[in-house]
């Protein structure tokens, strides 16, 4: 049998990890909502229903440009969020490459991940809103 040392986190560490857990739970729900909205967008796009509101060609061109701008903003938000996730590798790398400070590096990682999850909640919520606007345009105009 292996001799292992036991470690128990203190109140401060438990608070950091609890906040991280709550934020990751919220983020998971919002990502699920985003996936459902995107699936609805694809389904409506595939079914190609009749437009509810008929607009002139010039207004249609403007609305089409707005829709493309929405999707460009969605892409930029996704790129930003992915770069934030890539940044999370540094504290984990420090845990494996340094000695004597694993717990402090782990807690820094947890704090960074908590911050990133808060920003991601905001970012994915914004993406959901943009997809919803694009879906409304798809149903009403296109």
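Observations on the model:
- Count - residues of segment 110-122 that are under 16 Å from residue 76 (Cβ atoms) and buried (at least 19 other Cβ atoms within 10 Å of the Cβ): 1
- Only one of the numbered conditions (1) closer than 30 Å to residue 8 by Cα; (2) surrounded by 11 or more Cβ atoms within 10 Å (Cβ to Cβ); (3) under 22 Å from the mean Cα position of the chain (by Cα) is not met by residue 70, and that is (1).
- Filtered residues of segment 55-84 (kept if within 21 Å of residue 142 (Cβ to Cβ) and touching a helix residue (DSSP H, G or I) at 6+ places or on another chain (Cβ under 9 Å)): 55, 63, 64, 66, 67, 70, 71, 73, 74
- Checking 97, 108 one by one, the residue that is within 21 Å of the chain's Cα centre (by Cα) and over 25 Å from residue 32 (Cβ atoms) is 108 and no other.
Just so you know, all these numbers are worked out from the coordinates, no wet-lab data involved. What you are looking at is a predicted structure, and each value in this text was computed from that prediction instead of being measured. Positions of Cβ are backbone-derived with ideal geometry, glycine not excepted, and every protein chain shown enters the neighbour counts.
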